[in-house]
1. For residues that are without any contact (Cβ under 8 Å) to a residue 12 or more places away in the chain and in a loop (DSSP other than H, G, I, E, B), scanning just the stretch 19-66, find the one that is nearest to Ser6 (Cα to Cα).
2. Determine if the stretch 58-69 includes at least one residue that is touching a Pro at 6+ places or on another chain (Cβ under 7 Å) and modelled with pLDDT under 85.
3. Report, by residue number, each residue of the stretch 9-41 that is of a type in the set (S, T, N, Q) and surrounded by 15 or more Cβ atoms within 10 Å (Cβ to Cβ).
Amino acid sequence: MILELSALIPLLNACQTQVDASILKRLIDNESSRNPYAIAVVGATSVNQPNNIDDAIQIATQLEKDGFNYSLG
């Protein structure tokens, strides 16, 4: 699931107060490619990327149990 730009821009405008929405969009594109389920693990070269919320929760739960430092979305 990739967030479409038409859905992303209103969210950015609603959530930001001092940063231009175009900068936030570039940041999101770079960090997660607009994948709301993206998971990045510090020190890992790759991680199986979830395609849905249930898979994301399962992967994050296991990473937490294993003591990894990670970021979501």
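1. Ranking the candidates gives Asp20 first.
2. No: the stretch 58-69 contains no residue that is touching a Pro at 6+ places or on another chain (Cβ under 7 Å) and modelled with pLDDT under 85.
3. Answer for the stretch 9-41, where residues must be of a type in the set (S, T, N, Q) and surrounded by 15 or more Cβ atoms within 10 Å (Cβ to Cβ): Ser32, Asn35.
The values are calculated or read from the model by the stated rules, or taken from the named source; none is laboratory data. Everything numeric here is computed off the predicted structure, so don't read it as measured data. Using ideal geometry, Cβ is built from the backbone for each residue, glycine included, and neighbour counts are taken over all protein chains shown.
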